[in-house]
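The values are calculated or read from the model by the stated rules, or taken from the named source; none is laboratory data. Because the structure is a prediction, the values reported are computed rather than measured. Cβ placement follows ideal geometry from the backbone for every residue including glycine, while neighbour counts extend to all protein chains displayed. Ligands, DNA and RNA are stripped out before the accessible areas are found, and what is left, the full protein with its side chains, is counted by its heavy atoms. Shrake-Rupley method; radii C 1.70, N 1.55, O 1.52, S 1.80 Å.
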Amino acid sequence: MAFDIHEVLERKGIEVPEHHQEMLKGQMAGFEELRKTVNQEELKDLDMALTHVPGGEQK
């Protein structure tokens, strides 16, 4: 399931500053690579969500 994150955000009315676009592109590419390593059959019984917290775990 490859998609352009910028198109998804634009459809939702979310504006991404230009300097963040490359970062998002890199993160989505990483997620797509991880997706390839997951056994989809095992996921059918799981309930998961991926969230993004701006600023991460900075202390």
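Take the solvent-accessible surface of the protein heavy atoms, probe 1.4 Å, and return the percent of it on the chain that carbon and sulfur atoms account for. Write out the running numbers ahead of the final one.
On the way: 3110 of 5800 Å².
Taking all protein chains in place, the chain shows 54 percent carbon and sulfur surface.
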Inset, instruction - Please give the helix 18-36 orientation as an angle from the longest Cα principal axis of the chain, in degrees from 0 to 90, rounded to the nearest 10. - result: 10 degrees
Inset, instruction - Would you mind computing, in nm to one decimal, how far apart the modelled labels at Ile5 and Phe31 are, each placed 7 Å from Cα along Cα→Cβ? - result: 0.7 nm
Legend entry - Lysine pairs meeting the criterion (Cα under 26 Å, 8 or more apart or interchain), as found in the chain: 4
Legend entry - Residue-averaged 222 nm ellipticity for the chain, from DSSP H runs of 4+ at -39500 (n - 2.57), nearest 500: -15000 deg cm²/dmol
Inset, instruction - Write down the accessible area per residue of the chain in Å², having rolled a 1.4 Å probe over the full set of protein chains. - result: 98 Å²
